[in-house]
1. Identify the single condition in (1) surrounded by fewer than 22 Cβ atoms within 10 Å (Cβ to Cβ); (2) over 13 Å from the mean Cα position of the chain (by Cα) that D222 does not satisfy, given that it satisfies every other one.
2. Could you check, for region 180-194, whether at least one of its residues is touching a Gly at 6+ places or on another chain (Cβ under 7 Å) and of a type in the set (D, E, K, R)?
3. R185 fails exactly one of the following numbered conditions: (1) surrounded by 21 or more Cβ atoms within 10 Å (Cβ to Cβ); (2) within 14 Å of the chain's Cα centre (by Cα). What is the number of that condition?
4. In region 100-121, is there at least one residue being in contact (Cβ under 8 Å) with a residue 40 or more places away in the chain, closer than 15 Å to K225 by Cβ and touching a His at 6+ places or on another chain (Cβ under 9 Å)?
5. Enumerate the strands (runs of 3 or more DSSP E) found wholly within region 86-156, keeping only those where 1 or more residues are in contact with a helix residue (DSSP H, G or I) (Cβ under 9 Å, 6 or more places away or on another chain) and open to solvent by 60 Å² or more (accessible area, probe 1.4 Å).
Amino acid sequence: MAVSSLPFSSPTLSTRLNLPLKPSCSTCCWQPIIASSKDLSLEQERSGNCMRRSLLIGVGASSLLPTKFLLAQEKPANYDEFVDLQDGYSYYYPSDWREFDFRGHDSAFKDRYLQLQNVRLSFIPTDKSDIHDMGPIEKVVANLVKHVYSTPTQVPDVFDMQERTTDGKNYYTFEYTLTSPNFSRAAFATLAVANGRYYTLIVGANERRWRRVRNQLKVVADSFKVLDI
């Protein structure tokens, strides 16, 4: 797996974004983001997906995966794996999190006590075949953070951007915060394109807890994979 990390400090990008930028830092405080997402017409699939997901979560998922896939990646302790073979993706989530419905998203899990500490995945159709076809990471992140994830009352900050290649597929991952007058959240977002779909996984938490949970949630962001369907 090839990974490159790009500190978010480019003066050119700063001008394009018009965002207050922060230095890249592995211990900066953050929180989850309520990411805006296209309100897809998924409601008709919900009832069928619920039964399917009950079979795909945790240990049940192992029996549905090819042996080659299982050997290629070992699940960390204290995480379960969600695998959706029908929609073509997988990711890890903390074992004590619970599944819940997040409007406009295909799957979501949250901490049983801290609901704003969660992961959710959505996808929309695209005619692109790779995340690089969407544009360079700086341009893609700028558009998402400024025009999709944030609202007029929020101040967005981007702290770090990374590109990786896993099993021949490319991913963009970035860390950011959204700060409102009375509340702040931080999150990682991981993007990929495959199967005629533009996938977005977001995992975040309240900014006050970000220092404590950042590394745990980075495992979730880095575990996201798209599968051929």
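1. (2)
2. yes
3. Unmet for R185, out of (1) surrounded by 21 or more Cβ atoms within 10 Å (Cβ to Cβ); (2) within 14 Å of the chain's Cα centre (by Cα): (2).
4. Scanning region 100-121 turns up at least one residue that is in contact (Cβ under 8 Å) with a residue 40 or more places away in the chain, closer than 15 Å to K225 by Cβ and touching a His at 6+ places or on another chain (Cβ under 9 Å).
5. Qualifying strands (runs of 3 or more DSSP E): 97-99.
The values are calculated or read from the model by the stated rules, or taken from the named source; none is laboratory data. Values in this document were obtained by computation on a predicted structure and should not be read as measured data. Positions of Cβ are generated from backbone atoms using ideal geometry, with glycine treated the same way; all protein chains shown enter the neighbour counts. Note: areas computed on protein heavy atoms with side chains; ligands, DNA, RNA excluded. Shrake-Rupley method; radii C 1.70, N 1.55, O 1.52, S 1.80 Å.
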